[in-house]
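Here the structure comes first, spelled out in structure tokens, and everything after it is commentary.
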Amino acid sequence: MAEVHGTLRIAGIEPESFVDGPGIRMTIFVQGCPHHCPECHNPQTHDFKSGHNIDIAEILEMISENELLDGITFSGGEPFCHAAALLPLAREIRERGYHLTIYSGYTYEELLEKSKTEPAILELLAFANLLIDGRFIFAEKTLDVPFKGSLNQRLIDVQATLGKDRVVLWNPGEDYKDL
Ligand code: SF4
């Protein structure tokens, strides 16, 4: 297996999560978020200077050690503010056959617009299977819908959406038929 170089600034890692996408996942919380959604549940992830650096090789080692993982989730913080740093990790995750979910406070349309000046954003998006997009809106907060913090957020099937002129929502299948 080729060695993957690079570092990432993170707030922390949840080695096994059942709430950040389908199946059993490792969730990586990047450090730094520009959105400042009122009542954000992860305010400690906002400051870009806080958190700590971790080698991507170390994250991949952690992934290798858990045979139960179905997928990996990038959360935060705002993953797309770390798009270039996340690229080698995302590439390796997909090459190893894992499902990749990415949370973003930006909407899908905002990400496409931003990618015109920051191409790494589109490159990162292209590795994702599922995008959960949009800011957390406290008035629309939900605890009833899996994977969403607030009802405005969409579960987007990224591979079905890229290149199309409309967003294709994720088809959750039998396991999550109440979504
Ligand atoms: S985008 Fe996420 S991490 Fe950033 S402020 Fe909003 S809820 Fe918090």
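Ignoring ligands, DNA and RNA, what percent of the accessible area of segment 30-159 is carbon or sulfur (1.4 Å)?
52
Mind giving me the FRET efficiency for N66 and F138? R0 is 25 Å, r the Cβ-Cβ distance, nearest 0.05 is fine. Intermediate values should be presented prior to the final figure.
Details: r = 34 Å, r/R0 = 1.35.
The value I calculate is 0.15.
Sorting check: for 117-124, 46-53, which peptide has the highest mean count of neighbouring beta carbons within 10 Å, and how do the rest follow? Mind dumping the intermediate values first?
On the way: 117-124: 16.5, 46-53: 13.6.
Going by the mean number of other Cβ atoms within 10 Å, highest first, we get 117-124, 46-53.
For segment 85-99, list residues with backbone N below 17 Å from a point placed 7 Å from the Cα of Q159 toward its Cβ?
Once the point is set 7 Å along Cα→Cβ of Q159, 90-99 turn out to lie under 17 Å by backbone N, inside segment 85-99.
How far, in nm, would the chain grow between I54 and E95 when pulled straight, counting 0.36 nm per residue and subtracting the alpha carbon separation?
Taking 0.36 nm per residue and subtracting the Cα distance, the gain is 12.7 nm.
Accessible area per residue of the chain at 1.4 Å probe, in Å²?
51
Rank L131, L89, L162 by mean-square fluctuation in a GNM of the chain with C-alpha springs under 10 angstrom and give only the top-ranked residue.
L162
Where Lys and Arg each count +1 and Asp and Glu each count -1, what net charge lies around S17 among other residues with Cβ under 13 Å from its Cβ?
Working: positive: R25; negative: E14, E16, D20, D70.
Counting the neighbours of S17, the net charge comes to -3.
The values are calculated or read from the model by the stated rules, or taken from the named source; none is laboratory data. Fair warning: this is a prediction, and the values are worked out from it, not measured in the lab. Cβ: placed from backbone, ideal geometry, glycine included. Neighbour counts: every protein chain shown. Remember, those area values only see protein heavy atoms, side chains included, never the ligands or the DNA or RNA. Shrake-Rupley method; radii C 1.70, N 1.55, O 1.52, S 1.80 Å.
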